């Protein structure tokens, strides 16, 4: 009996030690994960701040310019190379410019090419910058852009073109400015809904 009781007490001691080591490991991993996510979000916030400063600079340059492009043409008024880091906290990331939703707030269903498309629900009515990681842990940071009278569009992904351009276009006498992030060659705008 004494041998069985020693075996049981050793087994309980080993089991208790395993539980304590596992709990301690989980606590350390949770702390590391939280610190890692916090560092990533801080880096993403810095990218957003860098982007918004450049957007405001381009808006000011657009206000100062009197240039009017010919009908059905466009011109790049100014460019800024953002010099984004290659990675944030050793993670690939992307930055997306989202314009003030305007008309998108009133659309419930949208069909493109015969297929129903979901509209991303916007939580704010102003323009914003969304920076997020594309690798685990998936962390994102949204940064509201102050009221600007210029449409924002475009997307940057790690390793791609990080140029911010101010483009003025003339479409049938309607002159508009747009700020484009990345290598996009198409200006997108919705003028009416049928």
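Odds and ends about this structure:
- Condition check for residue 45: part of a helix (DSSP H, G or I), surrounded by 12 or more Cβ atoms within 10 Å (Cβ to Cβ), at pLDDT 90 or above and out of contact with any strand residue (DSSP E or B) (no Cβ under 8 Å at 6 or more places or on another chain): no
- Residue within segment 51-63 that is farther than 15 Å from residue 165 by Cα and either out of contact with any strand residue (DSSP E or B) (no Cβ under 7 Å at 6 or more places or on another chain) or surrounded by 10 or more Cβ atoms within 10 Å (Cβ to Cβ) (or both) present: no
- Filtering 85, 69 for residues that are out of contact with any helix residue (DSSP H, G or I) (no Cβ under 6 Å at 6 or more places or on another chain), at pLDDT 90 or above, assigned to a loop (DSSP other than H, G, I, E, B) and on the phi < 0 side of the Ramachandran plot leaves a single hit, 85.
- Checking 112, 179 one by one, the residue that is surrounded by 20 or more Cβ atoms within 10 Å (Cβ to Cβ), more than 15 Å from the chain's Cα centre (by Cα) and either at pLDDT 85 or above or on the phi < 0 side of the Ramachandran plot (or both) is 179 and no other.
This table checks each residue for (1) in contact (Cβ under 8 Å) with a residue 40 or more places away in the chain; (2) over 30 Å from residue 127 (Cβ atoms); (3) under 44 Å from the mean Cα position of the chain (by Cα); (4) exposed (fewer than 10 other Cβ atoms within 10 Å of the Cβ).
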| position | (1), (2), (3), (4) |
| --- | --- |
| 9 | no, yes, no, no |
| 15 | no, yes, no, no |
| 24 | no, yes, yes, no |
| 29 | no, yes, yes, no |
| 34 | no, yes, yes, no |
| 38 | no, no, yes, no |
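- Here residue 125 fulfils each of the conditions (1) at pLDDT below 90; (2) farther than 26 Å from residue 62 by Cβ apart from (2).
The values are calculated or read from the model by the stated rules, or taken from the named source; none is laboratory data. Keep in mind that this is a model prediction, so the values were computed, not measured. All Cβ positions, even for glycine, are placed from backbone atoms using ideal geometry, and neighbour counts span all protein chains on display.
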